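To start, the structure itself, in structure tokens.
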Amino acid sequence: MTSPRFDIVHFSLNRHGQPVLDDVSFYVDPGEIVCLLGPSGGGKSSLLRCLNRLTEPPPQTIYLDGQDVTAMDVLALRRRVGMVFQQVALFPGTVADNIAYGPGLQGQIVPSAEIVRLLALADLPEELTARDSQELSGGQAQRVALARALATGPAAMLLDEPTSALDPAATRNVESTMLKLRQSLGLTVLWVTHDPEQARRVADRVYLLVNGRIEDEGTPDHLFRPGSQHLTAVFAAGELGGARS
Amino acid sequence: MTGTTLLSELPRILAALFLVVLAAGVSRWQHLDLEKQMLVAVVRAFIQLTLIGYALNLIFAADNPAAILLILAVMTSIASYTSGKRGEGTPHATRVAALAITFGAALTLGLLVGLRVFTFSAQQIIPIAGMVIGNSMNVCSLVMRRMKDEIKGRQLEIETALALGATRQQAVRPHLKTALQSGMMPIVDSTKTVGLIQLPGAMTGMILAGASPLEAVQLQMIVMYMLIGAAALTGLAAAWLSYRQFFTASHQLVAA
């Protein structure tokens, strides 16, 4: 499957009558890793959930390869656009059971060679196949979640703070796995993070989302270069308060 | 039976009331502050049971199918309202309860009459319906409550499943199973131990009224089996109808 392009066009979102996102527009090119960076509670996750319609977006605001996602078959959309959450929920059973879950919903049986291949994509050893899903470290669990999401053969991935519950070493491992995956599978990735250093390490381009608006954008090199006056650099230095500057 | 009046048993009722006086004494002595509530309960029980006694007397005497159906409708409405209250937190809880209880009770009673286990007479149908509807109400409350708790507590698992392309039904399946099990467990357990731990109400009543124990146990078997059936039908309907209140047609979890 060829990697798709996302277009988010004049996207606004209210929650309990309060605006969460206000006229947000941006794009993700095929095969690109784009980070949506910003302080916690800024509506980043709410936006991400609209891309695979876990939350219904307003019509004609989110396009996948030029097609309005609200007009697409929702289950096909979710198989095409995988998602990894901040908190990992592995289903009861073995690691293999978890990886086979998505294809199993369609009545497909995943051969063990394919399980091993998916584990390898997530940089996990074959021995983990028969392991109980509740007996994994945080980093392992998150990478099993990644392998599980890859099992349905998505062309794009939505990552919702996938490393914020992990220690620094596990965080780096997940990052390098994602970078490798983008190389090998050509996935289009939209990565939500509150960590500027992470955005700097993984992103091709960064959008800074503050108080529901995109306040800054560019490549990490551009945004974070020494002496940068960009708001992203201000946020990275911890000098951006909750209020709009 | 129609010749009996309430007053004929008044001495025995008053004698039983002595036990309530005893309980009130304990409450007073231990400062439980339950005396007032006990008084209210005793008076309410007297009034409610007296009224229903005379009402049933009239209905049994008339034995009119329309009157029977009206009574069943009233019983179902009260059960639905009560169960709907228990199901608070589930959108349209009362509607869900009404549909589930009506479905479970109507199908069970229909089968019992259709298979000629009971006749459609006031004297048989009304007490039987009371047991079936009361039992369905309890199952419905338990299932709705557990379904809601499961969905709210397992939001992450459910949305993970949805994100992997599961339909709402696939995503909720393990939680639906848990809710149904918890709703049906009490009646299954009490059926398993019936006669070993306690003699159930219908059987006790028959024996006190002078029927032979063998007659009483036969009726009790019918009662237990019908209650299991009604529990399964009501529970299934309650679980199905209530989980759907938490999802959109586009397989999105809402209102959780």
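Looking only at the stretch B:158-180, residues that are over 26 Å from A:Val84 (Cβ atoms) and surrounded by fewer than 14 Cβ atoms within 10 Å (Cβ to Cβ) come to 1 in all.
For the stretch A:145-175, the candidate set comprises residues that are part of a helix (DSSP H, G or I) and away from chain B (no Cβ under 14 Å); within that set, the residue that is nearest to A:Glu32 (Cα to Cα) is A:Glu175.
Taken over the stretch B:177-194, the criterion of being at pLDDT 90 or above and small (Gly, Ala, Ser) is satisfied by B:Ala179, B:Ser182, B:Gly183. Among the residues of the stretch B:235-254, is any within 30 Å of B:Thr119 (Cβ to Cβ) and either exposed (fewer than 15 other Cβ atoms within 10 Å of the Cβ) or within 14 Å of chain A (Cβ to nearest Cβ) (or both)? The answer is no, given that none of the residues of the stretch B:235-254 is within 30 Å of B:Thr119 (Cβ to Cβ) and either exposed (fewer than 15 other Cβ atoms within 10 Å of the Cβ) or within 14 Å of chain A (Cβ to nearest Cβ) (or both).
Restricting the stretch B:136-168 to residues that are assigned to a helix (DSSP H, G or I) and of a type in the set (S, T, N, Q), the residue that is farthest from the other protein chains (Cβ to nearest Cβ) is B:Ser136. Take the residues of the stretch A:101-130 that are within 11 Å of another protein chain (Cβ to nearest Cβ) and under 21 Å from the mean Cα position of the chain (by Cα): which is farthest from A:Val144 (Cα to Cα)? Among residues in the stretch A:101-130 that are within 11 Å of another protein chain (Cβ to nearest Cβ) and under 21 Å from the mean Cα position of the chain (by Cα), the one farthest from A:Val144 (Cα to Cα) is A:Pro103. Filtering A:Leu48, A:Leu90, A:Leu54 for residues that are of a type in the set (A, V, I, L, M), within 11 Å of chain B (Cβ to nearest Cβ) and without any contact (Cβ under 8 Å) to a residue 40 or more places away in the chain leaves a single hit, A:Leu54.
To keep it simple, each residue is scored yes or no on (1) in contact with a His (Cβ under 9 Å, 6 or more places away or on another chain); (2) closer than 30 Å to A:Gly104 by Cβ; (3) surrounded by fewer than 19 Cβ atoms within 10 Å (Cβ to Cβ).
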residue	(1), (2), (3)
A:Arg148	no, yes, no
A:Arg172	no, no, yes
A:Ala203	no, no, no
A:Thr219	no, no, yes
A:Pro226	no, no, yes
A:Gly238	no, no, yes
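When the helices (runs of 4 or more DSSP H) confined to the stretch A:28-144 are screened for residues that are farther than 20 Å from B:Ala166 by Cβ, those reaching at least 1 such residues are found at A:44-51, A:112-121. B:Leu107 - would you say it is away from chain A (no Cβ under 14 Å), surrounded by fewer than 20 Cβ atoms within 10 Å (Cβ to Cβ), assigned to a helix (DSSP H, G or I) and touching a residue at least 60 places away in the same chain (Cβ under 8 Å)? Yes: the conditions hold for B:Leu107. Considering the conditions (1) closer than 20 Å to A:Val88 by Cα; (2) without any contact (Cβ under 8 Å) to a residue 24 or more places away in the chain, A:Gln183 is excluded by exactly one of them, (1). For A:Leu77, indicate whether it is touching a residue at least 40 places away in the same chain (Cβ under 8 Å), more than 8 Å from every other protein chain (Cβ to nearest Cβ) and under 30 Å from A:Leu128 (Cβ atoms). Spelling it out, it is not the case that A:Leu77 is touching a residue at least 40 places away in the same chain (Cβ under 8 Å), more than 8 Å from every other protein chain (Cβ to nearest Cβ) and under 30 Å from A:Leu128 (Cβ atoms). Could you tell me whether the stretch B:126-141 includes any residue that is closer than 25 Å to A:Arg148 by Cβ and of a type outside the set (Phe, Trp, Tyr)? Looking for residues that are closer than 25 Å to A:Arg148 by Cβ and of a type outside the set (Phe, Trp, Tyr), one finds none in the stretch B:126-141, hence no.
The values are calculated or read from the model by the stated rules, or taken from the named source; none is laboratory data. This structure is a prediction, so every number in the text was calculated from the model and none was measured. Cβ atoms come from the backbone with ideal geometry, glycine included; neighbour counts cover every protein chain shown.
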